[in-house]
Amino acid sequence: MKLISLKSCFFGFLVFSHCTLYAQSVKNQKELNLVNLNFKSEIGPNGYKRCGTMEAEALLRANNPNMPTLLQDELWLQDKIREYKEQQALNSNAKATLLTIPVVVHVIHNGDPVGSNENIDDAQVLSQIQVLNEDFRKMVGTPGFNNHPAGADIEVEFCLAAIDPNGLPTNGIDRVDYGQNSFSGQNSVNSMKTATYWNPNDYMNIWVVNFGNSGLLGFAQFPNSSGLGGMNNNNGSADTDGVVADYRSFGSSDIYPAGNFSAPYDLGRTMTHEVGHFLGLRHIWGDSNCGNDFCSDTPESSGSNYGCPTQTTCDGIQDMVENYMDYTNDACMNIFTEDQKTRIRTVFQVSPRRASLTSSTVCQLLSDPDDIGVSSIVSPNGSDCGEGFVPEVVVTNYGSNDVTSFTIIYDIDGGASSSQSWTGTLTPGNSVNVTLPYITSTGTHIFNAFTISPNGTLDSNSGNDANSSNYSLIGGGATVTFTLSTDCWGHETYWELKDANNVLVYSGGNISVTIPPGGLQSGTQQGDAGAYESQSTISEQWCLDDGCYDFVIYDDYGDGIDGSSSFGCFVDGDYSITDQWGGVFAELQQTDFGNSESNEFCVNLSVKELSNNDVKIFPNPSQGTFNVVMNDCTGEVLNVRVTDLSGRVVLDSQFHSNVFQVNLSDVASGSYTMTITTSLNRTSNRLIIKR
């Protein structure tokens, strides 16, 4: 007979005062043989690894040394079980509350069509939810029913979520094209979990994956402790909390014969077993020879059982091979016991994430019948270099009713608002793009939009609307001109502009070229797609946001755009990147740059263009000497650049006074542009030299 109460013990900093009534010594530690950190999933006689939970638990604790040990957790849980039993004794006639647990099933696939391989179809998922409810409710007339005197109705049911984390309707099945053919180890599965999980306080996360040829059927993460009594409550990361199963052992072939299954684990009991772990149950053999699962009504077993045997292994009592927490075939399993129920119901009271599941409302039908909101703003999209823009917003129906009309309210910078009505049919969970009238606006502004009056009534939940979440986008950008003159081999030239996050913003040239990591490869042709003509000039305008950029020009042959090496053609190429006032952001540094040349520059949208009244230039025209007076720029560093009509720089200098002189006496007669910039201001003026 297994002993469940624990003797008073001191473990480091942790003292448990309620570990009483131990009838025998625990000197051999059999009752506390909870986990071996070198545990490996047991491979059965048929080549399957029925369960990897203990191995996953060992790995989790090894990677998180601040977690309490499984022994500490068990001592804490036994204390809580004792308290739970005392409460039950005081309310012996009280019926247990039926608990409903919301479930999301993440079907992880590699791009296969729905119903093919690991991308199992909805019916197979639904068959698994049915099996969980049959087994945890000991449902009469189903394979989950039993007449065993210790057999228990756990009084826990499972429902597929009806609302996703964004508040949108869902069928509780989350299909994820993860781009990975199969998973063979715990680490790769945990990485996938962290990228796909839904809030474990609201959803029991189930992941259905392809374990390949590993033979592993599934594993779970044990419940976390409450942190009471000085215990660390980091018993397992939230982003990995849940249950995992191979797709061939998920669902029931009896309920849905057309699914993808592998007998004899094809009746959904892998998930029943793993959810048992998720709710705190141990293997019936205690993961040791005649070990302890801390449930007195599950007889000791010398180890896991396979198939569907009838055997006696410990203390002359027959093994409970029908228990869901053994390793027997699916067809053999149909028992949770009363003590296992007590353990599960205690976990639902004291484990924070398990307790929160019982109050989650994500399985309920949408309670807000008429609920809409601006879920995103398509335009302005962060930059607007014209004289205005056409706003476009996405409106989503978050409610349970069809929406046939609503009104969008919008404004610029919180000023006077405008409105536009929409009519049509927008079904629950779906969205519609709405284009608003053209807005005349230059520079940087904030565009706001929100919705009112779905179906002509009050929006029953304004909390998910753009107005409530301060959803707005900044419009405004700098117009930048890029000019490129090619050499005698234009098809060899191509370029890229990337932002500070290394995101490609613009590109051009021979688009058939793939730039290899270590350099370029010759072989482009004049007729290739996108190739530039030789000795030609290309000019285009970019609209750039505030920030820094990296412009890289490439030459496929490896001699830059230097005409001196072009076999009888001596035309050099060049490029420049200028602002709307003629100021130069970047230009060619060296014609023979080899395979590539990089040039970094920054756009500052806060720079203000000064008016003519802020700058005085005299005499103008002159023979080459110009006096300059800048108003309101005292103490500023003045960057002065003068360019000719082709953009060639003839002077580039700095002045530290707002009164200075520009000397162009050695420059030929003609018209020039002088651009003066400070940290906050900019001005461009025409200079005329006459001699």
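Based on this model, can you work out whether residue 675 counts as of a type in the set (Ser, Thr, Tyr), assigned to a strand (DSSP E or B), assigned by TED's automatic domain parsing to the domain that holds residue 623 and closer than 14 Å to residue 631 by Cα? Quick ask: steps written out before the conclusion?
On the way: of a type in the set (Ser, Thr, Tyr): yes; assigned to a strand (DSSP E or B): yes; assigned by TED's automatic domain parsing to the domain that holds residue 623: yes; closer than 14 Å to residue 631 by Cα: no.
Here the answer is no, as residue 675 does not meet what is asked.
In this structure, does residue 598 turn out to be at pLDDT 90 or above, more than 17 Å from residue 492 (Cα to Cα) and either touching a Phe, Trp or Tyr at 6+ places or on another chain (Cβ under 7 Å) or in a strand (DSSP E or B) (or both)? Judged against the criteria, residue 598 is not a match.
Note on segment 287-300: residues that are closer than 29 Å to residue 99 by Cβ and out of contact with any helix residue (DSSP H, G or I) (no Cβ under 8 Å at 6 or more places or on another chain) total 2.
Tally time: how many residues in segment 417-430 are closer than 12 Å to residue 169 by Cα and hydroxyl-bearing (Ser, Thr, Tyr)?
Selection size over segment 417-430: 1.
Looking at segment 640-672, which of the residues that are of a type outside the set (A, V, I, L, M, F, W, C), assigned to a strand (DSSP E or B) and touching a Leu at 6+ places or on another chain (Cβ under 8 Å) is modelled with the highest pLDDT? My answer is 654. The residue that is nearest to the chain's Cα centre (by Cα), among those in segment 57-110 that are of a type in the set (Ser, Thr, Tyr) and modelled with pLDDT of 90 or more, is 100. Mind checking which residues of segment 216-239 are at pLDDT 90 or above and out of contact with any strand residue (DSSP E or B) (no Cβ under 6 Å at 6 or more places or on another chain)? The answer is 221, 222, 223.
State whether one or more residues within segment 261-284 are without any contact (Cβ under 8 Å) to a residue 40 or more places away in the chain, over 31 Å from the mean Cα position of the chain (by Cα) and assigned to a loop (DSSP other than H, G, I, E, B). Checked segment 261-284: at least one residue is without any contact (Cβ under 8 Å) to a residue 40 or more places away in the chain, over 31 Å from the mean Cα position of the chain (by Cα) and assigned to a loop (DSSP other than H, G, I, E, B).
Just to be sure I understand, how many residues within segment 156-198 are touching a Phe, Trp or Tyr at 6+ places or on another chain (Cβ under 8 Å), part of a loop (DSSP other than H, G, I, E, B) and more than 30 Å from residue 369 (Cα to Cα)? Selection size over segment 156-198: 3.
Taking segment 320-429 as the region of interest, the strands (runs of 3 or more DSSP E) fully inside it that hold 3 or more residues being farther than 21 Å from residue 167 by Cα are 403-412, 418-426. The set of residues in segment 430-449 being outside any strand (DSSP E or B) and closer than 16 Å to residue 371 by Cβ consists of 430 alone.
The values are calculated or read from the model by the stated rules, or taken from the named source; none is laboratory data. For clarity, every value in this text was computed on a predicted model and none was experimentally measured. Note that we place each Cβ from the backbone using ideal geometry, even for glycine, and neighbour counts take in every protein chain shown.
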